[in-house]
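**Q** First, the structure itself, so that you have it in front of you.
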Amino acid sequence: MKQPNLLFVEDELKVAAAVKKGLEENGFTVDHAPDGAIGGFLAETKEYDLILLDLNLPFKSGYEICRSLRQKGTAVPIIMVTAMSDIDKKISGFDAGADDYIVKPFDFRELLARIRVSLKRNAGLTSEKPEDLLLRAADLEMNLSDKTVTRQGIPISLTVREFNLLEFLMRRYGRVSSRSEISEHVWELNFDTGTNTVDVYINFLRKKIDKNFEPKLIHTKSGMGYYLKDISIHEHTH
């Protein structure tokens, strides 16, 4: 089995050397970029299985690199690494297209767990049968094989995390999921219940899936959680 190939963009050389060594000891090959210019160049010219991306970098920020990759349609998992634990910064990182977030100083074992989760999720669709690869709800369609989503035949561009959240809601069509259920299944690592990450992502999805379309498909059950359903069917039958 091929060793996963990672890019680590980090300007603190001691941190970079320690993390690179630890990852290589755990079976990864790692390219290190010491600034945002080199990191952005490598990310766009070489193929990686995952990118670890510091936010505050010389020449080009982690946000810029992440946003640029997503605009070019690159689906590589990206984990943001930063000294800032501010929730607004986290949301900005997710908004730029990051899949996960880890705050310095971090326990190396947690970083390793997050990397493995991201890699596993990215590779996890190959065992499914073709008929399992198409999910539908009303005029919303998700193709798990080529990772595309359309509504009324119109393509909708989602980040990896938005896609995973929508897949979870579509597979549980009509069933209410609590915030903790969603974070456990979509992020696979328990989120701090004090953060509003799930709500933020539901809002991202609503803007893309529901804002310009009828009927609305993503609903809130007050105090309980969220669900996806075409409730207009029931309205028409009464």
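**Q** From the list Arg114, Arg109, which one is crowded, with 17+ Cβ neighbours inside 10 Å, at pLDDT 80 or above and of a type in the set (Lys, Arg)?
**A** Arg114
**Q** Run down Val30, Val19 and say which single residue is among the β-branched types (Val, Ile, Thr) and in contact (Cβ under 8 Å) with a residue 60 or more places away in the chain.
**A** Val19
**Q** Kindly list the number of the only condition in (1) touching a helix residue (DSSP H, G or I) at 6+ places or on another chain (Cβ under 8 Å); (2) within 28 Å of Ile156 (Cβ to Cβ); (3) without any contact (Cβ under 8 Å) to a residue 60 or more places away in the chain that fails for Asp54.
**A** Exception for Asp54: condition (2).
**Q** Can you list the helices (runs of 4 or more DSSP H) found entirely within the stretch 159-238 that contain at least 3 residues being modelled with pLDDT of 80 or more? Steps first, please.
**A** Numbers: elements: 160-171, 179-182, 197-209, 232-237.
Correct list: 160-171, 179-182, 197-209.
**Q** Inspect all residues belonging to the stretch 79-87 and state whether any of them is under 16 Å from Leu6 (Cβ atoms) and at pLDDT below 80.
**A** There is no residue in the stretch 79-87 that is under 16 Å from Leu6 (Cβ atoms) and at pLDDT below 80.
**Q** Here is a further query. Working only within the stretch 13-58, note down all residues that are closer than 23 Å to Phe94 by Cβ and open to solvent by 60 Å² or more (accessible area, probe 1.4 Å).
**A** Correct list: Glu44, Asn56.
The values are calculated or read from the model by the stated rules, or taken from the named source; none is laboratory data. Values in this document were obtained by computation on a predicted structure and should not be read as measured data. Note that each Cβ is placed from the backbone with ideal geometry, even for glycine, and that neighbours are counted across all protein chains shown. Ligands, DNA and RNA are stripped out before the accessible areas are found, and what is left, the full protein with its side chains, is counted by its heavy atoms. Shrake-Rupley method; radii C 1.70, N 1.55, O 1.52, S 1.80 Å.
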